[in-house]
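The values are calculated or read from the model by the stated rules, or taken from the named source; none is laboratory data. All figures in this text were calculated on a predicted structure; none of them were measured in a lab. A quick note on method: Cβ atoms are made from the backbone with ideal geometry, for glycine too, and the neighbour counts reach across all protein chains shown. Please note that ligands, DNA and RNA were not included when accessible areas were found on the heavy atoms of the full protein model with its side chains. Shrake-Rupley method; radii C 1.70, N 1.55, O 1.52, S 1.80 Å.
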Amino acid sequence: QVQLVESGGGLARPGGSLRLSCGASGSIFRMNVMGWYRQAPGKQRELVATITRGGPTDYGESVKGRFTISGDNAGNTVYLQMNSLKREDTAVYYCSANLWEMDKSANYDHWGQGTQVAVSS
């Protein structure tokens, strides 16, 4: 069993910053990719950023240059530093992980429960 626990959401003003964290625990043999997706009301879930084991990162076009994804050395925690926030960044942010589960001997995708980010003056 694998759990993803997110923290750090909340309210920020336009131009402000927030930092999200997500920790993975459980039957993890190898973490392949961790990342963040977001879903605003009435919109489809979209990519925010991902980080692959070994370091390569990928960003959605709308957050490039403003958001930075990073991970800890153990590889089971991911952070999202969000700077220069805009109203259109308002959404529920979901942590994701693709990992090799020890007890199932296979790769699986997992999702966190989501954390709300609201940008408003």
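State all residues of the stretch 71-84 that are free of Cβ contacts under 8 Å to residues at least 40 places away in the same chain and open to solvent by less than 60 Å² (accessible area, probe 1.4 Å); if no residue qualifies, say none.
Of the stretch 71-84, the ones free of Cβ contacts under 8 Å to residues at least 40 places away in the same chain are 71-74.
Of everything in the stretch 71-84, those that are free of Cβ contacts under 8 Å to residues at least 40 places away in the same chain and open to solvent by less than 60 Å² (accessible area, probe 1.4 Å) turn out to be 71, 72.
The set of residues in the stretch 69-91 that are out of contact with any Ser or Thr (no Cβ under 7 Å at 6 or more places or on another chain), aliphatic (A, V, I, L, M) and over 24 Å from residue 55 (Cβ atoms) contains only 91.
Of the strands (runs of 3 or more DSSP E) entirely within the stretch 1-51, those holding at least 3 residues that are aliphatic (A, V, I, L, M) occupy 2-7, 18-26, 28-39.
Which of the residues spanning the stretch 58-70 are open to solvent by 40 Å² or more (accessible area, probe 1.4 Å) and either within 18 Å of residue 98 (Cα to Cα) or in a helix (DSSP H, G or I) (or both)?
So in the stretch 58-70, the residues open to solvent by 40 Å² or more (accessible area, probe 1.4 Å) come out as 58-59, 61-62, 64-65, 68, 70.
Result: 58, 59, 61, 62, 70.
The residues of the stretch 36-89 that are aromatic (Phe, Trp, Tyr) and closer than 18 Å to residue 7 by Cβ, listed by number, are 36, 37, 67, 79.
May I ask you to verify whether residue 55 is part of a loop (DSSP other than H, G, I, E, B) and either β-branched (Val, Ile, Thr) or open to solvent by 50 Å² or more (accessible area, probe 1.4 Å) (or both)?
no
Only residues that are part of a loop (DSSP other than H, G, I, E, B) and either over 23 Å from residue 61 (Cβ atoms) or open to solvent by 60 Å² or more (accessible area, probe 1.4 Å) (or both): list them for the stretch 85-111, please. 86, 102, 103, 104, 105, listed by residue number.
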